[in-house]
Amino acid sequence: LGYLPVVPPLEFFLHVVLPYLIVVVIAGVAAKLVYSLGIDLKRALDLGSYQLEERLGSGGMGEVWRARHRLLARPAAVKLIRPEVFQAAGAAKQSALRRRFEREAQTTSLLQSPHTIDLFDYGVTDDGAFYYAMELLDGFDLKTLVERFGPMPVERAVHLLVQACHSLAEAHASGLVHRDITPANIFVCRYGRDVDFVKVLDFG
């Protein structure tokens, strides 16, 4: 009569159980990735007049994407709040998040200083993501600039700060206060034929 060999528990786990576990984990990760790609694709197709092309960054409230207008050649940066952020915040905080995002868009659109980020559009996607489209800048924020290239000469620092003050002066004259002036929100870019041109971001 045949008989089943006695297999040590460790060997049984490595040769029988572990391969199945690996397959299950890979399947779960793949399913999550496909779902995420599907959500991103849906947003790209439904985001008003803009086609999302590349995620540039993400934070606590949402994401920033490189985007292109469907009819115009001009590129843009699109900032959006993911619907999941609203769902995770709970009913009590959802209206406050919406008001904060709307206020940031409306406040920015009122300012006309060339050193304030220019806003193109604002809206809500079919799946409930709030977004606004702004000019896409070519450069670095001050935080990244200093971390990558080191301290800058005093003359250059003064030149950049004077431009930032131009934006803030207009905001203050309109009764607005930028509550988060940090190096990460002062962007140094190439603007047309100008270099070291400052744009102040995030007037939330």
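The values are calculated or read from the model by the stated rules, or taken from the named source; none is laboratory data. None of the values given here were measured: they were computed from a predicted structure. Backbone-built Cβ (ideal geometry, glycine too); neighbour counts: all protein chains shown. We work out accessible area using only protein heavy atoms, side chains counted, and drop any ligands, DNA or RNA first. Shrake-Rupley method; radii C 1.70, N 1.55, O 1.52, S 1.80 Å.
Tabulated results
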{"read-out": "Label point distance in nm, A157-K93, each placed 7 Å from Cα along Cα→Cβ", "value": "3.6 nm"}
{"read-out": "Two-site FRET efficiency, S58 against L10, from Cβ-Cβ distance with R₀ of 35 Å, rounded to 0.05", "value": "0.25"}
{"read-out": "Percentage relative contact order, the stretch 114-204, counting C-alpha pairs under 8 Å, at least six apart", "value": "35 percent"}
{"read-out": "Above-threshold pairs, the threshold being 25 Å between Cα atoms, out of K32/K143; K79/K199; K79/K143", "value": "K32/K143"}
{"read-out": "Inter-probe distance in nm under a simple model that places probes 7 Å from Cα toward Cβ, at I22 and E102", "value": "5.4 nm"}
{"read-out": "The stretch 48-204 - accessible surface per residue (Å², probe 1.4 Å)", "value": "56 Å²"}
{"read-out": "L176-V146 FRET efficiency (beta carbon distance; Förster radius 25 Å; 0.05 resolution)", "value": "0.40"}
{"read-out": "Mean Cβ neighbour count within 10 Å, used as a protection proxy, ranking 151-160, 110-119, 15-24 highest first", "value": "110-119, 151-160, 15-24"}
{"read-out": "K199, K143, ranked by accessible area, largest first (probe 1.4 Å)", "value": "K143, K199"}
